[in-house]
1. Residues in region 376-387: is at least one within 16 Å of ligand 2 (Cβ to nearest atom), out of contact with any Phe, Trp or Tyr (no Cβ under 8 Å at 6 or more places or on another chain) and without any contact (Cβ under 8 Å) to a residue 40 or more places away in the chain?
2. Restricting attention to region 326-371, which residues are away from ligand 2 (no atom under 16 Å from the Cβ) and of a type in the set (D, E, K, R)?
3. Inside region 211-257, can you point out the residues that are open to solvent by 40 Å² or more (accessible area, probe 1.4 Å), out of contact with any His (no Cβ under 8 Å at 6 or more places or on another chain) and more than 20 Å from Glu50 (Cα to Cα)?
4. For region 280-296, state whether one or more residues are polar (S, T, N, Q), within 21 Å of Arg206 (Cβ to Cβ) and within 16 Å of ligand 1 (Cβ to nearest atom).
5. Say we look at region 356-405 and pick out the residues that are assigned to a helix (DSSP H, G or I) and in contact with a Lys or Arg (Cβ under 7 Å, 6 or more places away or on another chain); which of these is farthest from Ala335 (Cα to Cα)?
6. Kindly indicate whether any position in region 323-334 is touching a Gly at 6+ places or on another chain (Cβ under 7 Å), small (Gly, Ala, Ser) and open to solvent by less than 70 Å² (accessible area, probe 1.4 Å).
7. What number of residues in region 186-232 are acidic (Asp, Glu) and within 16 Å of ligand 1 (Cβ to nearest atom)?
Amino acid sequence: MYNQNPTLEDVDKNIDEKRQGEALVLNENQGGKKFYIESYGCAMNFSDSEIVASILSKEGYSSTRVMEHSDLILINTCSIREKAEYNVRQRLREFDKVKKKNPGTLVGVMGCMAERLKTKLLEQEKLVDIVIGPDAYRDLPGLIATAEDGNKGVNVYLSREETYADISPLRLGSNGVTAFISIMRGCDNMCSFCVVPYTRGRERSRDAYSIVAEAADLYDRGFREVTLLGQNVDSYKWESPDQSENVNFAQLLERVALVSPELRIRFSTSHPKDITDDVLHTMKAHENICKYIHLPVQSGNSRILELMNRTYTREWYMERVNKIYEIMPDCAISADIITGFCSETEEEHQDTLSMIEFAKYSYSYTFSYSERPGTPAAKKFEDDIPLDVKKRRLAEVIKVQRDVSAKHNQKDLGKTFKVLIEGNSKKSELHFKGRNSQNKMIVFPKQEGLGPGDYTYVKVNDITSATLIGEITTV
Ligand code: 5AD
Ligand code: SF4
């Protein structure tokens, strides 16, 4: 369920689930107005909620973890699969009960569902007072005022420029060690199954200086890991207003890595068509850039990839994987996989299974295809794979991945890793948890003098289902 300190992996694992069920208390003040916020979907939504929290705090709001105590309930929504939208509608039923008890409480729907459904949402969900799309968050105070006057507040304008570069996010639910930094917004890729280009608009990159400044500020405040976020980070491209300077993703990575050797850098999500050798060499050159790449394959079959408009083939993807392991033999790769896309045959599905073995993913995030209204796939192709076949193929993908992940973990037995301590292990106060560079969680007994935000070396001596177990050692 809800994780106080979600990392990118926790967030993605629960992609259809609530992630910030109980919003976090930021100096809960006595008299002032309070907001309660829940986030669903991808890490980008989580990051956006922190921008909204910052905007609201400037308006004198503080955050509460108790929905019933709030003047404003916000839900940051996801449209990526039908189930994600269903979950949000269920939550709105719960909010309805609170609103009946406290009629003054406002309910706002943010994010992708707000953008996709627009005013339709107000007709369908009578209790909703505010509908606000991902590029309109600066307008939230105005929309609150409109709603307080008894009118519905709606802004779903998609911008070509908005990056919220000047807004310093309020770190919700922070563990004080790891944080997200949003480096770009939107997506221009138009994968045929995906609703994101319609809900988040055109791709735009944030000012490189503001990104580096945010990383440096986090470092000064004791954070030791940042994850650079974008729908397709490899196409990051920023040009200074006077056009004297261009920064691509490899260059941005390097600039952030130079903030401090003690600050770890992660990033997500990479696109196989765009990840360059330059990025791989930059990763190799800097010890503090984590050796982990989330490289969604979606399908292992070239015909399906073409229907998906992924713009690479099976062979292209394999070449990228080979290159990653050639340049960084210790790098871990994870993927997103969709089963049962339109017209996928059993043989084509087998190509996905063999790709998992070829790429030796440490983990994959697996989904069965869910048709989204308005997407190119919904318009052009029939969603013709029966649900039971989609689910059976999904189970096969999960099974193969489980075996591949187990082998991946087995290889770590006896090895020593540099680990960044994130906090207490979930199960025991006597143990810490932390991640290695490859993004694997390791649990190990505490040692005096060490705490969250410190690095230590841990030798892996056991494995439970998905967690490595170890003990502190010297190198
Ligand atoms: N059906 C199933 N999975 C989807 N994804 C995106 N759109 C759909 C859809 N319509 C998956 C992709 C993407 C991840 C974030 O969600 O694998 O990489
Ligand atoms: Fe969707 Fe493809 Fe863009 Fe990812 S890269 S957000 S899957 S369109």
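The values are calculated or read from the model by the stated rules, or taken from the named source; none is laboratory data. Just so it is clear, the structure is predicted and the values come from calculations on it, not from any experiment. Here the Cβ positions follow ideal geometry from the backbone for every residue, glycine too, while neighbour counts run over all protein chains shown. Please note that ligands, DNA and RNA were not included when accessible areas were found on the heavy atoms of the full protein model with its side chains. Shrake-Rupley method; radii C 1.70, N 1.55, O 1.52, S 1.80 Å.
1. Looking for residues that are within 16 Å of ligand 2 (Cβ to nearest atom), out of contact with any Phe, Trp or Tyr (no Cβ under 8 Å at 6 or more places or on another chain) and without any contact (Cβ under 8 Å) to a residue 40 or more places away in the chain, one finds at least one in region 376-387, hence yes.
2. If the condition is that a residue be away from ligand 2 (no atom under 16 Å from the Cβ) and of a type in the set (D, E, K, R), then Glu326, Asp330, Glu344, Glu346, Glu347, Glu348, Asp351, Glu357, Lys360 are the ones that fit.
3. Across region 211-257, the qualifying residues are Lys237, Glu239, Pro241, Asp242, Gln243, Ser244, Glu245, Asn246, Asn248, Gln251, Arg255.
4. Looking through region 280-296, none of the residues is polar (S, T, N, Q), within 21 Å of Arg206 (Cβ to Cβ) and within 16 Å of ligand 1 (Cβ to nearest atom).
5. Ala378
6. Looking for residues that are touching a Gly at 6+ places or on another chain (Cβ under 7 Å), small (Gly, Ala, Ser) and open to solvent by less than 70 Å² (accessible area, probe 1.4 Å), one finds none in region 323-334, hence no.
7. Final tally of qualifying residues: 2.
Residue by residue, here is whether (1) surrounded by fewer than 23 Cβ atoms within 10 Å (Cβ to Cβ); (2) in a strand (DSSP E or B); (3) hydrophobic (A, V, I, L, M, F, W, C) holds:
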| position | (1), (2), (3) |
| --- | --- |
| Glu306 | yes, no, no |
| Tyr317 | no, no, no |
| Ile338 | no, yes, yes |
| Glu344 | no, no, no |
